[in-house]
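Worksheet for the structure shown next.
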Amino acid sequence: MTTPALAYIEGGSGDEETLRDNLDAWRRLALQPRVLRDMTQVETATTLLGTAVGAPVGLAPTAMHCLVDPDGETATARAAAETGTLMVASQAANRSWQDTAAAATDVLLWAQMYVLRDRGLTRELAVRAKESGSRAIVVCVDGVAVPRRARLEGHAFVPPEGMAFPNLVSAAAAASANGRGVDLGAAVSAFDPSVTFADLTWLKECTGLPLVVKGVLHPHDAAACVDAGADAIAVSNHGGRQLDGCIATADVLGEIADAVGDRAEVYVDGGIRTGPDVVKALALGARAAFVGRPALRALADGSAAGLAAYLADLREDVRRTLAFCGCASPAEVRREHVRPRGPR
Ligand SMILES: Cc1cc2nc3c(=O)[nH]c(=O)nc-3n(C[C@H](O)[C@H](O)[C@H](O)COP(=O)(O)O)c2cc1C
Ligand SMILES: CCCCC(=O)C(=O)O
C-alpha cells in the first residue's frame with residue numbers, strides 16, 4: 001500500500017481529536033458482569049432488520065477496497081459470506097454492488113449511498129442497489145462539507161489513475177466507460193448538501209427497502225429520522241473523518257437508543273476493536289456494532305482469508321465476553337452491564 005493510501009485509511013480530520021476519542025470513550029466504560037447463570041451455551045447470532053447474521057458485528061461501509069486488495073469489495077464479500085457477516089458496501093466502492101453481491105453465495109449486503117444533487121441518478125442508484133440484492137439502503141448524512149484530512153496535509157485523497165467507481169455513475173456512463181474515469185473530488189461534490197429529513201422519506205419510497213440513516217449524533221435527530229421513516233439509526237461520526245472535535249459515538253449511543261426506543265434498530269461504529277467494545281455497545285442499546293479500519297487492515301494483511309479469520313476471531317471474542325457477563329445471547333445484554341469506569 002502506498003503511504004498516502006495508508007494515511008487516507010488510518011487518518012481522521014483536523015487534529016484527529018475525535019478519531020482518538022472514539023477509541024478512548026469505549027475504554028472509559030466498564031462492563032459489570034453477572035455470574036452463576038449457566039453459560040454452557042452462548043449464542044452470538046442475531047438479526048439486523050430481519051437479516052440473520054452470525055454476530056452483532058458488521059462491516060461498516062468503506063471506500064475503495066482495491067487500495068488494499070486487488071479483488072477489492074469482491075474479496076470482502078467472500079469473507080463476509082464465509083462468516084455470516086453483514087457487509088455494508090460503499091457507494092465509493094471499486095466493485096459494483098452487483099459484482100459484490102455475486103462474489104459468493106449468501107452475501108448479506110446493504111448498499112450505502114449519499115443523496116446526490118441529481119435526484120434522478122440517486123433514485124437510479126438506489127434501484128440498482130436493490131436489484132443487486134441489497135436488503136436495505138444505508139444513507140450517509142454526514143457528508144455535507146469536505147473535511148480537512150490531517151495526514152494528507154489537508155487535501156483530499158487522490159485515488160490511483162483509472163480506479164473504478166461503478167456505484168457513482170449512471171448506468172449509461174458505467175456502460176460507456178466501464179465506470180472508470182470518475183474523479184473522486186467530482187463524486188464528493190455530487191453529494192447534495194441541501195439534504196433534509198424530507199429526503200429520507202423520498203429515498204425510502206424509491207425502493208421500498210428498509211432505510212438506515214448513518215451519521216446521527218443527536219437524540220432529537222435520531223427521533224426525527226424515525227418520524228421520517230428510518231428503520232434504523234447508525235450512530236457514527238464517520239470514524240473521526242468528518243467533524244473533528246465532535247462527540248465520541250460511545251458517549252451518545254445510550255441517549256440515542258433511549259430516544260429511539262423500540263421504534264427502530266440502533267447501530268454504532270467508531271473505535272470498535274474488541275468483543276468487550278461490542279458488548280458495551282449492546283449494553284448501551286445498540287443492536288450491532290460495525291468496524292471500519294480493522295477490517296481494511298485484515299484485508300490488506302491477508303486478503304479474503306485474512307478478513308474471514310479476523311471476523312471469526314472477533315465473533316469468538318464477543319462470545320467469550322457475553323459468557324463472562326452472564327449473557328447467553330446478545331438479547332440478554334442490558335444497560336446494567338455497563339457503567340462509567342471509576343477514577344484511575
Ligand atoms: C478508509 C475509510 C473509508 C470510508 N468510506 C466510507 C464511505 O464510503 N461511506 C461511509 O458511509 N462511510 C465511510 N467510512 C466511515 C465508516 O463507515 C465508519 O463510520 C468508520 O470507519 C468507523 O470507525 P472505525 O474505522 O474506527 O471502525 C470510511 C472509513 C474509512 C476508514
Ligand atoms: C466518496 C468518498 C467517500 C469516502 C469516505 O467516506 C471517507 O473517506 O471517509
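The values are calculated or read from the model by the stated rules, or taken from the named source; none is laboratory data. All of these numbers come straight from a predicted model, not from anything done at the bench. Glycine also receives a Cβ, built like all others from the backbone with ideal geometry; neighbour counts cover every protein chain displayed. The accessibility values were calculated without ligands, DNA or RNA, using every heavy atom of the protein model including side chains. Shrake-Rupley method; radii C 1.70, N 1.55, O 1.52, S 1.80 Å.
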Checklist entry - Given segment 3-335, what whole percent of its Cα pairs are spread farther than 38 Å? => result 8
Next on the checklist: Based on DSSP loop calls and a cut-off of at most 10 other Cβ atoms within 10 Å, the longest stretch of the chain free of exposed GluC sites (Glu not before Pro) is what?
Outcome noted: 162-344
Checklist outcome for this item: Between GLN32 and ASP301, Cβ-based FRET efficiency (R0 45 Å, step 0.05) works out to 0.85
Checklist entry - Protein chains only, probe 1.4 Å: how do HIS238, HIS65 rank by accessible area, largest first? => result HIS238, HIS65
Next on the checklist: What value in Å³ per residue do you get for the convex hull of the alpha-carbon atoms in segment 287-344?
Outcome noted: 126
Item to check | Between 0 and 90°, nearest 10: helix 17-27 axis offset from the chain longest Cα axis | outcome: 30
Item to check | In Å², nearest 10: area of ARG334 left accessible to a 1.4 Å probe | outcome: 130
Next on the checklist: To make sure I understand the rule: partners must be lysines, Cα under 20 Å from the Cα of LYS130, and not fewer than 8 residues away in the same chain. Which ones qualify?
Outcome noted: LYS204, LYS214
Checklist entry - Measuring from a point 7 Å past the Cα of VAL146 along Cα-to-C-beta, which residues in segment 79-105 have an amide N at less than 20 Å? => result 91-93
Checklist entry - When all protein chains stay in place, what accessible area (Å², nearest 10, 1.4 Å probe) is found for TYR8? => result 30
Item to check | Listed residues GLY72, VAL278, CYS140: farthest to the positive end of the dipole of the chain (Cβ charges) | outcome: VAL278
